[in-house]
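Visitor: Take a look at this one; I'll ask things after.
Rule-based calculations on the coordinates, nothing more; no lab input. Treat the numbers as computed from the prediction; the structure is a model and nothing was measured. Heads up, the Cβs are rebuilt from the backbone with ideal geometry, glycines too, and the neighbour counts pull from every protein chain shown.
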Amino acid sequence: MPYKVHTPRWKRQRSAPARINAGRELSVDRFLLAIILGLTLFGAVMVYSASAIVGERTFGSQFHFVLRQGMWGAIGLLAMVFGLSLDYRRYKNSATIYSLLGVTIFFLIAVFALPRVNETHRWMRWGLFSLQPSELAKPALVAFLAFFLERRADELRNFKRAFLPAALVGMLIIGLVALEPDLGTALALGVVFVMVMFEAGTKLIYLAGLLVPVIPAVTVMLLVPWRFQRLLTFLDPWKYATTWGFQSVQSMIAIGSGGTSGLGFAQGKQKLFFLPSPQTDFIFAVIGEELGLAGALTLVGVFAFLAFRGFKAARYAPDVFGRLLAVGLTVMIVAQAFFNISVTLSLVPTKGIPLPFISAGGTSLAISLFAAGVLLNISKHEKA
């Protein structure tokens with residue numbers, strides 16, 4: 001009889017969890033993929049509708065903005081394919097995570113040494129190319145938290161070992177974004193931070209303790225004269241309809257004009273030099289005017305379904321890193337979408353934050369599509 005090699009019991013017990021954590025690979029979530037591609041295509045169509053007249057008047061071509069959107073869309077789709085093809089667990093190493101974090105913090109600091117654009121330090125520009133460091137900060141923060149909290153999974157209730165280091169990194173990134181100033185994106189990052197920390201199992205008392213530094217900081221920022229004026233405008237936009245409240249009022253007029261079924265594609269009137277930034281921050285108002293309540297609610301429903309599929313991918317992820325990464329990326333996209341929609345509907349004070357996959361914008365579109373690719377890759381893996 002051939003000699004049978006005996007495997008020690010301790011080796012058998014150690015190898016079992018490895019097989020479980022490896023999970024099994026499935027086909028990609030086709031619903032999630034269809035949502036991402038559909039939103040991107042819909043965004044290109046609506047960017048053209050919202051910007052054709054402005055592009056013709058300003059740049060001599062009605063296709064100026066949509067061609068730019070198409071270029072960044074192509075770059076973003078390539079990034080999405082890369083994110084979808086590469087096993088998300090390949091990112092789970094110190095070199096990748098801390099390099100991404102270091103580059104992000106470097107850009108967030110370096111942008112203050114560059115000339116202001118629209119009275120802010122939000123963009124780094126080299127000729128026709130531009131980069132918005134705050135957009136890079138979103139996936140960088142999510143990736144760091146997922147990696148760090150998985151490694152400290154046994155110490156999540158230890159304030160000094162787990163919560164404090166994560167909070168310091170999060171506050172550094174959020175604080176730099178707020179100083180640009182970009183309070184809208186900083187608040188969105190704050191939501192992402194809290195949701196990932198909560199999902200990881202952080203004590204609620206620790207998260208509540210963040211209010212101690214956050215409330216005074218936000219109060220100081222709101223007391224800046226122009227921000228305080230925005231707050232007053234939010235309370236009564238019609239009182240400042242021709243000045244500070246012009247964007248909000250024109251946005252509400254556009255949405256109200258759409259009624260239930262809308263005026264029809266490309267038939268909107270407010271985009272004709274009444275509504276500022278119709279192809280970027282206020283594109284949802286154009287959608288509401290041209291496609292009506294039915295189109296607007298459908299878009300909200302699509303983002304809600306995206307959240308459902310993203311959280312489903314998180315639920316079945318084979319490891320803590322994948323679960324936290326999926327939660328963070330889903331919240332990153334969906335929270336930004338509903339914040340943008342809330343601004344358009346004057347439910348919150350006016351802030352410049354794009355609608356993911358829809359608004360014209362290079363860095364935002366490319367980063368969102370890459371994040372979607374990583375989320376799609378997570379959806380391919382399931383607990384065994």
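Visitor: Helix-derived [θ] at 222 nm for the chain: sum -39500 (n - 2.57) over DSSP H runs of at least 4, divide by residue count, nearest 500? Write out the running numbers ahead of the final one.
Guide: Working: 14 runs with 253 residues, N = 384.
Result for the chain: -22500 deg cm²/dmol, rounded to the nearest 500.
Visitor: Something else about it: Tabulate in residue order the Karplus-calculated ³J(HN,Hα) for the range 318-324, using 6.51 cos²θ - 1.76 cosθ + 1.60 with θ = phi - 60°, rounded to whole Hz; enter x for Gly and Pro.
Guide: Values per residue, Gly and Pro as x: x, 8, 5, 4, x, 5, 5 Hz.
Visitor: Which entry is the computed mean projected area of the Cα convex hull in nm² for this structure: [x] 18.5; [y] 20.4; [z] 22.8?
Guide: Label [z] holds the value from this structure.
Visitor: Counting only the backbone N, which residues of the range 123-152 are under 14 Å from the spot 7 Å out from the Cα of residue 116 toward its beta-carbon?
Guide: From the range 123-152, the list is 123.
Visitor: Name the residue from 186, 301, 339 whose Cα lies farthest towards the positive end of the charge dipole of the range 27-382, charges +1 on Cβ of Lys and Arg and -1 on Cβ of Asp and Glu.
Guide: Going by the charge dipole, the pick is 186.
Visitor: Also: How large is the dipole of the chain about the Cα centre if only Lys and Arg carry +1 and Asp and Glu carry -1, each at its Cβ, rounded to the nearest 20 debye?
Guide: Details: 35 positive and 18 negative charges, 338 e Å.
Its charge dipole is roughly 1620 debye.
Visitor: Which residue, chosen from 362, 43, 156, occupies the Cα position most advanced towards the positive end of the dipole of the range 27-382, where the dipole is computed from +1 (Lys, Arg) and -1 (Asp, Glu) charges on Cβ about the Cα centre?
Guide: Of 362, 43, 156, it is 156.
Visitor: Continuing with the same structure: Once R0 is set to 45 Å, what does the formula 1/(1 + (r/R0)^6) return for the Cβ-Cβ distance between residue 67 and residue 198, expressed as a FRET efficiency to the nearest 0.05?
Guide: 0.60
Visitor: Within the set of other residues whose C-beta is less than 14 Å from the C-beta of residue 259, count the net charge using Lys and Arg as +1 and Asp and Glu as -1.
Guide: Combined, the nearby Lys, Arg, Asp and Glu give -1.
Visitor: Moving to a separate point now. I need to check one value: relative contact order of the chain, counting alpha carbon pairs closer than 8 Å and at least 6 residues apart, in percent.
Guide: Across the chain, relative contact order equals 30 percent.
Visitor: First measure r as the distance between the Cβ atoms of residue 243 and residue 269, then evaluate 1/(1 + (r/R0)^6) with R0 = 22 Å and state the FRET efficiency to the nearest 0.05. Write down the numbers at each step before the final one.
Guide: On the way: r = 22 Å, r/R0 = 0.98.
The value I calculate is 0.50.
Visitor: Report, in whole Å, the centroid distance computed from the Cα atoms of the range 193-209 and the range 136-186.
Guide: 11
Visitor: Once the Cα atoms of helix 183-200 and of the chain are each reduced to a long axis, what angle between those two axes, in degrees from 0 to 90 to the nearest 10, is obtained?
Guide: Approximately 20 degrees, to the nearest ten.
Visitor: Run the quick spin-label model on residue 86 and residue 41: label points 7 Å from Cα toward the beta carbon, then report their separation in nm to one decimal.
Guide: The answer from the label model is 2.8 nm.
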